[in-house]
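Visitor: For reference, the structure I am asking about is given below.
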Amino acid sequence: MLRNLLVAEISTGPNIPLGILLQLWSVGLAIASCPECGDKVYLFRVHGMISMHRCWGFCRTCRVQRQVFLDDFCQKAIQPAVTLLQQHPNEKITYETFEDSEFSWGSGLKKVTRICTLKQPRYQPVDIFTLVRILKPKFQS
Ligand SMILES: [Zn+2]
(Lines give C-alpha, C1' and ligand atoms only; values in the text may rest on other atoms or scores of the structure.)
Protein backbone atom coordinates (compact mmCIF):
# COMPACT_ATOMS: atom_id res chain seq x y z
CA MET A 1 0.00 0.00 0.00
CA LEU A 2 2.72 2.48 0.91
CA ARG A 3 4.39 1.82 -2.40
CA ASN A 4 1.33 3.33 -4.10
CA LEU A 5 2.03 6.68 -2.45
CA LEU A 6 5.16 6.91 -4.54
CA VAL A 7 3.42 6.46 -7.83
CA ALA A 8 0.79 9.07 -7.15
CA GLU A 9 -0.16 10.54 -10.43
CA ILE A 10 -2.56 12.59 -12.37
CA SER A 11 -3.48 10.23 -15.16
CA THR A 12 -1.11 10.68 -18.07
CA GLY A 13 0.44 13.56 -16.16
CA PRO A 14 3.48 13.78 -13.97
CA ASN A 15 3.88 11.80 -10.79
CA ILE A 16 2.97 13.77 -7.72
CA PRO A 17 5.78 13.80 -5.16
CA LEU A 18 4.85 12.73 -1.65
CA GLY A 19 5.74 16.21 -0.37
CA ILE A 20 3.11 17.79 -2.59
CA LEU A 21 0.52 15.24 -1.50
CA LEU A 22 1.33 16.07 2.13
CA GLN A 23 0.84 19.78 1.40
CA LEU A 24 -2.52 19.10 -0.24
CA TRP A 25 -3.73 16.82 2.58
CA SER A 26 -2.61 19.29 5.26
CA VAL A 27 -5.02 21.91 3.93
CA GLY A 28 -7.87 19.46 3.33
CA LEU A 29 -7.38 19.04 -0.40
CA ALA A 30 -7.21 15.76 -2.31
CA ILE A 31 -9.32 14.15 0.40
CA ALA A 32 -12.63 12.38 -0.20
CA SER A 33 -15.09 10.47 1.98
CA CYS A 34 -14.84 6.70 2.25
CA PRO A 35 -17.93 5.04 0.75
CA GLU A 36 -17.77 2.32 3.44
CA CYS A 37 -17.08 4.14 6.73
CA GLY A 38 -17.34 7.83 5.87
CA ASP A 39 -13.87 8.66 7.17
CA LYS A 40 -11.28 10.49 5.11
CA VAL A 41 -9.71 8.90 2.03
CA TYR A 42 -6.34 10.45 1.24
CA LEU A 43 -6.10 10.54 -2.51
CA PHE A 44 -2.89 9.60 -4.24
CA ARG A 45 -4.11 9.02 -7.77
CA VAL A 46 -6.69 10.84 -9.84
CA HIS A 47 -7.93 10.16 -13.32
CA GLY A 48 -7.31 13.10 -15.59
CA MET A 49 -10.59 12.90 -17.50
CA ILE A 50 -12.86 15.48 -15.92
CA SER A 51 -16.01 13.57 -16.78
CA MET A 52 -14.84 10.49 -14.90
CA HIS A 53 -13.94 12.02 -11.49
CA ARG A 54 -12.29 8.77 -10.49
CA CYS A 55 -9.74 8.90 -7.72
CA TRP A 56 -7.89 6.36 -5.67
CA GLY A 57 -6.83 6.85 -2.10
CA PHE A 58 -6.21 5.23 1.22
CA CYS A 59 -8.85 5.17 3.97
CA ARG A 60 -7.22 5.64 7.34
CA THR A 61 -9.99 3.75 9.18
CA CYS A 62 -10.56 0.83 6.78
CA ARG A 63 -6.82 0.77 6.07
CA VAL A 64 -7.40 -0.21 2.47
CA GLN A 65 -7.17 1.48 -0.91
CA ARG A 66 -10.48 2.87 -2.12
CA GLN A 67 -11.74 4.11 -5.43
CA VAL A 68 -13.87 7.18 -4.79
CA PHE A 69 -15.63 9.90 -6.71
CA LEU A 70 -14.78 13.44 -5.68
CA ASP A 71 -17.13 16.38 -6.15
CA ASP A 72 -15.42 19.51 -7.40
CA PHE A 73 -12.73 17.20 -8.67
CA CYS A 74 -10.72 19.93 -10.42
CA GLN A 75 -10.83 22.44 -7.56
CA LYS A 76 -10.10 19.91 -4.83
CA ALA A 77 -7.46 17.77 -6.50
CA ILE A 78 -6.25 18.54 -10.00
CA GLN A 79 -5.71 22.30 -9.98
CA PRO A 80 -4.03 22.49 -6.54
CA ALA A 81 -1.70 19.62 -7.50
CA VAL A 82 -0.79 21.28 -10.80
CA THR A 83 -0.21 24.63 -9.07
CA LEU A 84 2.11 23.06 -6.48
CA LEU A 85 3.97 21.12 -9.16
CA GLN A 86 4.56 24.40 -11.01
CA GLN A 87 5.68 26.15 -7.80
CA HIS A 88 8.05 23.33 -6.84
CA PRO A 89 9.51 21.93 -10.03
CA ASN A 90 12.02 19.15 -9.62
CA GLU A 91 14.50 20.79 -11.88
CA LYS A 92 17.33 23.19 -11.54
CA ILE A 93 18.05 25.36 -14.54
CA THR A 94 21.62 26.43 -15.17
CA TYR A 95 23.19 28.16 -18.10
CA GLU A 96 26.56 27.41 -19.63
CA THR A 97 28.33 29.22 -22.39
CA PHE A 98 30.32 27.49 -25.06
CA GLU A 99 32.31 28.49 -28.08
CA ASP A 100 30.91 27.64 -31.48
CA SER A 101 31.36 28.63 -35.09
CA GLU A 102 28.95 30.44 -37.34
CA PHE A 103 29.15 30.89 -41.07
CA SER A 104 27.71 33.58 -43.28
CA TRP A 105 28.56 34.38 -46.89
CA GLY A 106 29.29 38.01 -45.96
CA SER A 107 31.58 37.39 -42.97
CA GLY A 108 32.72 33.85 -43.56
CA LEU A 109 33.40 31.58 -40.63
CA LYS A 110 33.64 33.29 -37.24
CA LYS A 111 33.65 32.21 -33.63
CA VAL A 112 30.59 32.93 -31.51
CA THR A 113 29.65 32.33 -27.90
CA ARG A 114 26.38 30.49 -27.36
CA ILE A 115 24.37 29.86 -24.22
CA CYS A 116 23.17 26.37 -23.41
CA THR A 117 20.30 25.78 -20.97
CA LEU A 118 20.72 22.76 -18.71
CA LYS A 119 17.87 21.27 -16.73
CA GLN A 120 18.91 18.95 -13.95
CA PRO A 121 16.73 17.31 -11.31
CA ARG A 122 17.02 18.92 -7.87
CA TYR A 123 16.62 15.56 -6.18
CA GLN A 124 16.41 11.94 -7.13
CA PRO A 125 13.14 10.28 -6.18
CA VAL A 126 13.29 7.27 -3.89
CA ASP A 127 10.70 4.69 -3.03
CA ILE A 128 9.11 4.69 0.42
CA PHE A 129 11.22 1.80 1.68
CA THR A 130 14.44 3.60 0.82
CA LEU A 131 13.11 6.79 2.41
CA VAL A 132 12.26 4.96 5.64
CA ARG A 133 15.72 3.36 5.69
CA ILE A 134 17.33 6.80 5.27
CA LEU A 135 15.17 8.59 7.85
CA LYS A 136 14.81 5.85 10.48
CA PRO A 137 18.21 6.39 12.15
CA LYS A 138 17.46 10.12 12.55
CA PHE A 139 14.34 9.40 14.57
CA GLN A 140 15.86 6.62 16.66
CA SER A 141 18.54 8.78 18.25
ZN1 LIG B 1 -13.16 3.66 5.24
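Visitor: Go through (1) more than 29 Å from L118 (Cα to Cα); (2) more than 16 Å from the ligand (Cβ to nearest atom) one by one and return the number of the condition T61 breaks.
Guide: (2) is the only condition that T61 fails.
Residue-wise test of (1) modelled with pLDDT of 85 or more; (2) acidic (D, E); (3) farther than 30 Å from A30 by Cβ.
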position	(1), (2), (3)
L84	yes, no, no
K92	yes, no, no
E102	yes, yes, yes
V112	yes, no, yes
I115	yes, no, yes
P125	no, no, no
S141	no, no, yes
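Visitor: Could you count how many residues in region 31-66 are modelled with pLDDT of 90 or more, polar (S, T, N, Q) and farther than 19 Å from I128 by Cα?
Guide: The number of residues fulfilling the criteria is 2.
Matching residues to (1) in contact with a helix residue (DSSP H, G or I) (Cβ under 6 Å, 6 or more places away or on another chain); (2) touching a residue at least 40 places away in the same chain (Cβ under 8 Å):
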residue: G28; (1), (2): no, no
residue: Q67; (1), (2): no, no
residue: I78; (1), (2): no, yes
residue: T117; (1), (2): no, no
residue: P121; (1), (2): no, no
residue: Q124; (1), (2): no, no
residue: I128; (1), (2): yes, yes
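Visitor: Do we have F44 as in the same structural domain as P17 (by TED's automatic domain parsing) and among the aromatic types (F, W, Y) here?
Guide: Answer is yes for this residue.
Visitor: Does S33 satisfy being more than 16 Å from the chain's Cα centre (by Cα), polar (S, T, N, Q) and outside the structural domain of I16 (by TED's automatic domain parsing)? Steps first, answer last, please.
Guide: Details: more than 16 Å from the chain's Cα centre (by Cα): yes; polar (S, T, N, Q): yes; outside the structural domain of I16 (by TED's automatic domain parsing): no.
Answer is no for this residue.
Visitor: Right, here's the next one. Taking only region 64-87 into account, find how many residues are of a type in the set (K, R) and either within 16 Å of the ligand (Cβ to nearest atom) or touching a strand residue (DSSP E or B) at 6+ places or on another chain (Cβ under 6 Å) (or both).
Guide: Residues meeting the conditions: 1.
Visitor: In region 89-141, how many residues are under 23 Å from F44 (Cα atoms) and aliphatic (A, V, I, L, M)?
Guide: Number of matching residues: 6.
Visitor: Then there is this: I'd like the residue in region 7-30 that is of a type in the set (V, I, T), closer than 13 Å to F44 by Cβ and in a loop (DSSP other than H, G, I, E, B) and, out of all such residues, is modelled with the lowest pLDDT.
Guide: Going through the qualifying residues, I end up with V7.
Visitor: Which condition breaks for E36 when tested against (1) under 25 Å from P125 (Cβ atoms); (2) within 16 Å of the ligand (Cβ to nearest atom)?
Guide: Going through the list (1) under 25 Å from P125 (Cβ atoms); (2) within 16 Å of the ligand (Cβ to nearest atom), E36 breaks only (1).
The values are calculated or read from the model by the stated rules, or taken from the named source; none is laboratory data. Remember, predicted model here, so these are calculated numbers, not experimental data. Because the Cβ atoms are built from the backbone with ideal geometry, glycine has one as well, and the counts that use them run over all protein chains shown.
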